[in-house]
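Let me begin by presenting the structure, written as structure tokens, before commenting on it.
Just so you know, all these numbers are worked out from the coordinates, no wet-lab data involved. From a predicted model like this one, the values you see are computed outputs, not experimental measurements. Here the Cβ is made from the backbone with ideal geometry for all residues, glycine too, and neighbour counts use every protein chain on show.
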Amino acid sequence: MNASQDGKDAPESRVGPVPEEKPDFHPYHHPAAGWGAAKSVTRFLVGERELLDGPRAILKMNHENGGFDCPGCAWPDDRKGLHLDICENGIKHVAWEMTRKRVGQEFFAEHSVSELSGWSDFALEDQGRLTGPMSYDPETDHYVPISWKDAFALVGRTVRGLDNPNQAAFYTSGRLGNEATFLYQLWARELGTNNLPDCSNMCHEASGRALQASLGTGKGTCDLADWEATDALFIMGVNAASNAPRMLTALAEAYQRGAQVVHINPLVEAAATRTIIPHDFKDMALNKATRTSTLNLQVRIGGDMAFLRGIAKAVLEQSGSDPKALDKEFIDRHTEGFDAYRELCEATPWDEIERQSGLSREDVLKAARVYRDADRSIISWCLGVTQHEHGVDTVREIVNVLLLRGNLGREGAGPSPVRGHSNVQGNRTCGIDHRPSDAFLARLAEACDIDAPRAHGLDTVGTIEAMRRGDVKVFVGMGGNFALAAPDTPYTYEALRTCELTVQVSTKLNRSHLVHGRRALILPCLGRTEKDQQRGGLQSTSVEDSMSMVHLSVGMKRPASKHLLSEPAIIAGMARASLPDSGTPWEWYVEDYDRVRDTMAQVIDGFEDCNRRVRLPLGFRIKQPARELVFLTDSGRAEFSAAPLPDVIPEPGTLALGTMRSHDQWNTTIYSDNDRYRGIKNLRTLVFLNQDDMRERGIGEFDPVDITSTARDGSRRSLEGYLAIPYDIPRGCAAGYMPEMNVLCAIGDHSTQSDQPIMKHVKVTVTLSS
Ligand SMILES: Nc1nc2c(c(=O)[nH]1)N[C@H]1C(S)=C(S)[C@@H](COP(=O)(O)OP(=O)(O)OC[C@H]3O[C@@H](n4cnc5c(=O)[nH]c(N)nc54)[C@H](O)[C@@H]3O)O[C@H]1N2
Ligand SMILES: Nc1nc2c(c(=O)[nH]1)N[C@H]1C(S)=C(S)[C@@H](COP(=O)(O)OP(=O)(O)OC[C@H]3O[C@@H](n4cnc5c(=O)[nH]c(N)nc54)[C@H](O)[C@@H]3O)O[C@H]1N2
Ligand SMILES: [Mo]
């Protein structure tokens with residue numbers, strides 16, 4: 001295998017654990033969830049030595065009153081509240097945080113940073129929970145203990161020493177609770193910068209921009225009640241069985257109800273087959289599976305927009321003989337730009353739609369019929385749609401299709417993006433935005449008595465480039481694992497290493513602690529499962545799910561160490577040290593998060609009276625104007641877009657590579673080298689290929705191959721010795737795992753529409769390793 005396997009220098013150290021057995025590939029034929037999941041959970045809890053507390057905590061998860069919000073994903077809690085609404089991957093995620101393993105001072109005394117750099121990412125996190133603040137000592141190349149006071153003073157001194165506040169950047173990973181989020185952005189803006197990059201710059205930036213442009217709101221309009229009422233679900237570009245497993249229940253229930261469930265994905269993922277509903281004990285006992293799909297369409301990578309255009313074209317063609325195919329009244333009353341869109345659809349030839357989508361006209365028409373026959377349709381999507389050059393256009397095309405039949409502002413219909421991190425949507429709501437609106441800044445300035453800076457700040461890619469140039473000198477990471485999650489790994493490493501100070505607020509040891517600035521701090525915080533005791537008593541934080549429901553999360557476990565601080569306390573400490581004369585009552589806010597929420601109620605649309613409403617049994621839903629057919633667009637109507645189809649067909653000899661997650665990982669956190677639903681064991685350094693593409697290149701199953709990407713600027717990046725896996729994937733397409741494959745994603749290759757790194761359409765050649 002390649003250099004990335006021998007475990008020496010970062011970035012070439014391995015990501016997953018060293019497997020004990022040989023790689024194995026046998027396509028998976030069992031239903032998703034069910035006993036396979038139950039077995040995997042048990043094995044995992046044993047490994048984490050959490051068999052005792054784990055199940056007890058899990059029963060506290062996602063409960064309608066009390067308990068903590070599952071940090072596993074942003075799928076909403078079951079409205080009935082009574083279900084054991086949990087999943088294999090949520091349990092793994094929680095147990096990973098609750099582990100009894102610890103990384104104390106002795107650990108850092110024993111291992112230098114250079115030594116740790118050779119460890120796998122799995123091994124780093126597997127050491128357990130961080131227990132106290134640590135500071136990097138360049139003399140010895142070790143992290144050494146530092147007091148919280150000195151740590152804050154170091155941040156304060158360095159930030160105050162900057163020429164201007166735009167030399168600092170404040171990254172957020174989407175787990176951060178709303179109250180900490182609000183304090184964090186307040187700190188940045190009081191300092192005077194909008195440099196607030198976040199993980200959604202890599203995930204749903206395109207969705208936010210598209211929905212804003214089309215509907216005047218950056219979020220989806222559906223909730224679970226809509227999912228329960230719809231006649232047709234279109235699921236695009238999401239691996240739900242692994243990444244939003246609680247969606248499986250919604251899919252199975254839809255199927256049982258007689259609704260149509262159409263999956264659009266180059267791979268037939270496990271969620272597109274059948275499932276055993278995990279909380280249905282009878283089904284579990286009888287091993288009874290329910291289908292979760294009525295139609296699977298394997299688009300080519302990047303082909304979604306052409307597919308959607310085909311649906312629209314078919315509906316428009318049909319409207320000639322069947323006026324009910326279109327909702328003319330809705331279009332006339334609520335939309336703008338229909339004529340231009342219709343002309344564009346008419347002018348797009350079917351053979352172009354077939355070529356660009358990779359689907360036959362017949363297949364597109366099958367889906368169009370489902371859409372035409374359904375009174376109510378929901379289109380849902382995730383990264384398979386967004387991480388493309390034309391992600392914004394594609395999400396706008398989703399809205400176009402919905403508008404044609406008035407699938408908006410009524411029960412069972414609408415756009416429904418599946419968010420990633422459990423509070424990534426709440427982060428945006430609470431001000432994590434490098435392009436904030438003037439209205440938001442004005443309210444913030446007024447309520448908090450600060451001068452909020454108006455110039456837009458840097459996003460994730462912009463921050464990396466600015467660090468690399470030396471323009472950003474202080475990087476603060478509020479959770480996450482920036483070094484590994486961001487594109488172009490070696491470039492990102494260099495950028496972080498150019499900084500004067502890097503600060504990582506984390507629960508576990510990870511790569512971003514080892515790839516650091518001249519000075520570096522690791523500040524360990526409480527996890528979501530843990531009790532957060534402040535002067536005002538036990539605190540709770542609020543979070544917002546994919547469907548705009550805001551509810552409280554209360555930790556119930558004893559903290560992993562008595563030296564941990566909460567995220568709000570850490571932010572307040574850094575803020576006070578860097579703004580000694582600040583009039584913001586930082587310390588007072590931390591005593592009681594209700595006080596933060598009171599200020600949030602003044603600043604954030606939809607948070608009025610939030611302290612009361614968040615304590616209602618299921619919390620509250622932030623109003624979606626578009627749901628009420630109120631469109632905050634320039635025209636005051638829902639806007640059709642009319643973008644030309646992009647050319648997504650790979651040049652001869654090249655393939656379009658999509659980077660994605662395995663079943664046994666949570667972004668950069670790797671649990672094992674297995675990917676159960678795709679039939680993979682003991683292997684992460686692989687590439688899934690179409691059999692004909694393999695044959696053409698003389699590549700056989702498990703043959704080592706070299707993967708070389710070519711960036712827009714012509715530069716090349718390679719991974720060597722990956723193993724080829726023949727897979728049911730359209731010709732011209734390839735797939736493999738993030739974060740390993742970030743090495744192939746050039747820093748300059750981000751979408752001109754959203755600035756999102758193009759992580760699902762990397763142009764590569766694959767050849768037998770020499
Ligand atoms: N257990 C677990 N849960 C998670 C995460 C995790 O890592 N582990 N991550 C969380 C985060 S932050 C996020 S953003 C979400 C991510 O959730 P997903 O979007 O499911 O993430 P990926 O693994 O990137 O999978 C992308 C899917 O898109 C498909 N795809 C690739 N290219 C295309 C394309 O061009 N068109 C279409 N239609 N499909 C395509 C792939 O086959 C795959 O099924 O999950 C969240 N939940
Ligand atoms: N090639 C490629 N790259 C991608 C993607 C892709 O599909 N392909 N997906 C992108 C996407 S969608 C995302 S969201 C990013 C993910 O980017 P990030 O959000 O930056 O990364 P994570 O792996 O989720 O972060 C894991 C770390 O978070 C810390 N952590 C866990 N819980 C807590 C907590 O409660 N508080 C704090 N402070 N820290 C905590 C732990 O230390 C852990 O090591 O990756 C992106 N990168
Ligand atoms: Mo994400």
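Residue 628 to residue 562: FRET efficiency via 1/(1 + (r/R0)^6), r the Cβ-Cβ distance, R0 56 Å, to the nearest 0.05?
After rounding to 0.05, the efficiency reads 0.70.
Loop only per DSSP, at most 13 neighbouring Cβ atoms within 10 Å: give me the GluC sites (Glu not before Pro) in the range 675-770, ordered by residue number. Walk me through the numbers on the way to the answer.
Details: sites: 696, 701, 720, 740; in loops: 701.
Filter output for the range 675-770: 701.
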What is the distance in Å between the Cα centres of the range 587-624 and the range 89-118?
34 Å
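Multiply the residue separation of residue 595 and residue 581 by 0.36 nm, subtract the distance between their alpha-carbon atoms, and state the gained length in nm to one decimal. All intermediate terms of the calculation are to be shown ahead of the outcome.
On the way: separation 14, 0.36 × 14 = 5.04 nm, distance 2.04 nm.
Additional length available on full extension: 3.0 nm.
Would you please classify the overall shape of the chain from the alpha carbon gyration tensor, given that a ≥ b ≥ c denote the square roots of the eigenvalues, rounded means a/c under 1.5, and beyond that prolate means a/b larger than b/c while oblate covers the rest?
Rounded shape, in that the Cα axes give a/c under 1.5.
Mind ordering 90-98, 220-228, 199-207 by average Cβ neighbours within 10 Å, highest first?
Values: 90-98: 23.1, 220-228: 21.2, 199-207: 28.3.
So the peptides 90-98, 220-228, 199-207, ranked by packing, come out 199-207, 90-98, 220-228.
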Unsatisfied cross-links (Cα-Cα over 18 Å) in the set 508/562; 101/562; 92/219; 22/763:
92/219; 22/763
With each pseudo-label sitting 7 Å past Cα toward Cβ, what's the residue 716-residue 39 distance in nm, one decimal?
4.4 nm
Return the sequence-ordered ³J(HN,Hα) values of the range 183-194 in whole Hz as given by the Karplus equation 6.51 cos²θ - 1.76 cosθ + 1.60 applied to θ = phi - 60°, using x for Gly and Pro.
5, 5, 5, 5, 4, 4, 6, 5, 5, x, 9, 9
Two pseudo-spin positions, 7 Å from Cα along C-beta at residue 451 and at residue 115, lie apart in nanometres by 5.0 nm
Name the residues whose placed amide hydrogens come within less than 5 Å of the amide hydrogen of residue 195, ignoring near sequence neighbours (fewer than 5 apart) on the same chain.
458
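Calculated from DSSP H runs of 4 or more alone, at -39500 (n - 2.57) each and per residue, what is the 222 nm mean residue ellipticity of the chain, nearest 500? If you can, show how the numbers build up before the last one.
Values: 31 runs with 268 residues, N = 770.
Taken over the chain, the calculation gives -9500 deg cm²/dmol.
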Measuring from label point to label point, each 7 Å out along Cα→Cβ, what is the residue 410 to residue 324 span in nm?
1.2 nm
Tell me, how many Å apart are the Cα centres for the range 648-670 and for the range 350-390?
21 Å
Cβ-based exposure ranking for 525, 448, in which fewest neighbours within 10 Å come first
448, 525
If R0 = 56 Å, then residue 768 and residue 609, at their Cβ-Cβ distance, give a FRET efficiency to the nearest 0.05 of 0.30
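If you take every residue apart from residue 683 with its C-beta less than 14 Å away from the C-beta of residue 683, what net charge results, scoring Lys and Arg +1 and Asp and Glu -1? Display every interim value, and only then the final one.
Details: positive: 14, 22, 676, 678, 681, 684; negative: 20, 21, 24, 664, 673, 675, 701, 703, 740.
So the environment of residue 683 carries a net charge of -3.
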Using a 10 Å cut-off around each Cβ, can you sort 676, 309 from fewest to most neighbouring Cβ atoms?
676, 309
How do 119, 75 line up, fewest other C-beta atoms within 10 Å first?
119, 75
Using modelled amide H (1.01 Å from N, peptide plane; none on Pro or chain starts), what sits under 5 Å from the amide H of residue 32, excluding residues fewer than 5 places away?
274, 275, 276
Using θ = phi - 60° and the Karplus curve 6.51 cos²θ - 1.76 cosθ + 1.60, what whole-Hz ³J(HN,Hα) does each residue of the range 497-507 get, with Gly and Pro shown as x?
6, 7, 5, 6, 9, 10, 10, 10, 9, 8, 9
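Quick check: residue separation of residue 708 and residue 147 times 0.36 nm, minus the Cα distance between them. What number comes out in nm? Present the calculation step by step, with values, prior to reporting the outcome.
Details: separation 561, 0.36 × 561 = 201.96 nm, distance 4.62 nm.
Between residue 708 and residue 147, full extension yields an extra 197.3 nm.
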Long-range amide H partners of residue 532 with built H, under 5 Å
539, 555
Show me, for the range 424-431, the HN-Hα J-couplings you get by feeding each phi into the Karplus relation (A = 6.51, B = -1.76, C = 1.60, θ = phi - 60°), rounded to Hz, glycine and proline as x.
5, 5, x, 4, 5, 4, 8, x
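Shape verdict for the range 72-178, please, from the Cα gyration tensor: rounded (a/c under 1.5), prolate (a/b greater than b/c) or oblate. Intermediate results must be reported in sequence, preceding the final value.
Working: a/c = 2.67, a/b = 1.47, b/c = 1.82.
Oblate, because a/c is 1.5 or more while a/b does not exceed b/c.
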Using 0.36 nm per residue of separation minus the Cα-Cα distance, give me the extension gain between residue 287 and residue 731 in nm, one decimal.
156.3 nm
Antiparallel versus total DSSP beta bridges in the chain: what percent is that, nearest 5?
45 percent
Among the trypsin sites (Lys or Arg not before Pro) in the range 592-623, which ones are in a DSSP loop with at most 15 other Cβ atoms within 10 Å of the Cβ? Mind listing them?
615, 623
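Provide the FRET efficiency to the nearest 0.05 for the residue 616-residue 681 pair, computing r from the beta carbons and using R0 = 56 Å.
Details: r = 46 Å, r/R0 = 0.82.
The pair residue 616/residue 681 has a calculated efficiency of 0.75.
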